[in-house]
1. So how do S93, S32 line up by other beta-carbon neighbours within 10 Å, fewest first?
2. Extending each Cα 7 Å along its Cβ direction at L237 and K184, get the distance between those two points in nm, one decimal.
3. Please give, to one decimal in nm, the separation of the simple spin-label points placed at R64 and S222, each 7 Å out from Cα toward the Cβ.
4. Using a basic spin-label model with each label point 7 Å from the Cα along Cα→Cβ, how many nm lie between S32 and E105?
5. Would you mind giving the three semi-axes, in whole Å and largest first, of the ellipsoid equivalent to segment 10-89 according to its Cα gyration tensor?
6. Sort the following peptides by mean Cβ neighbour count (other Cβ atoms within 10 Å, averaged over residues), highest first: 39-51, 218-230.
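Since every read-out is calculated from the coordinates, none of them should be taken as a lab result. Quick caveat, the model's predicted, so the values are computed rather than measured. Using ideal geometry, Cβ is built from the backbone for each residue, glycine included, and neighbour counts are taken over all protein chains shown.
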Amino acid sequence: MTWFRIDDAFWSHPKTVALSPQAVALWIRAGSYACAHLTDGFVAHHSCVTVLQGTPKAIAELTRVTPGHAHALWAKVDGGYQFHDWGVYQEKSQVILQRRKETAERTAAWRARRNAGGDASQKVSPTEHVRDEYALPGPGPVPIDQDTHTHRQSHTARANADDSSTPGDKYQKALAATAGRLSKEAGEEVSILQAGVVVDHILGKARGDVKDPARYVARSISGNVNGWVNFIHTDKLPTD
């Protein structure tokens, strides 16, 4: 879990005072989404209009340059939109992934010492990875919100449901199916959030509406699943 930072002057900034409530809501939800998926501020157009329920009007507001300013809140890029100056105000994905890697290594070392009968109490506790993952950047502990786990589990449950009548349901089904496929091939668990990086990239490159995202993504990754697993960790696109 990461945190989307909002400046305390956001409410009065010239770029935001004229925004509609829908545009403000979309900007905040998209920021949270980008943090969760570690996209470094990129939001695929498909995700913007389906999962985040962005309207053409709200998107137009966020991509319009305010008079007297050089940049809009969002820049139009290939396949979607990019938050302006994301790396200035938010943690970069490389920093987050490195922290997670170091936490996982510390936890693995603790378990190894525990299993070997050694003293593991002085190095890292079995819940250290949980505290790190939920830590707000900066000093001070942050309590774990169990509702977050419940919320993510409910998303997964809905993704596995057969009823995919809405775009959001279809997207969740694609996430669950992709995570299962990548996990099986990689021999390790690939989370829903990690699978979302692959799903969003593939759907963002699609031409036109995709009626069955789960099937479309499955066909796209077929034949080079390992390449897509590697894409999650390195951001390097697989080759055919």
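1. Lowest to highest Cβ neighbour count: S32, S93.
2. 2.7 nm
3. A separation of 4.5 nm, rounded to one decimal place.
4. Output for this residue pair reads 3.3 nm.
5. Over the Cα atoms of segment 10-89, the ellipsoid semi-axes are 18, 14, 12 Å.
6. Going from most to least packed, we get 39-51, 218-230.
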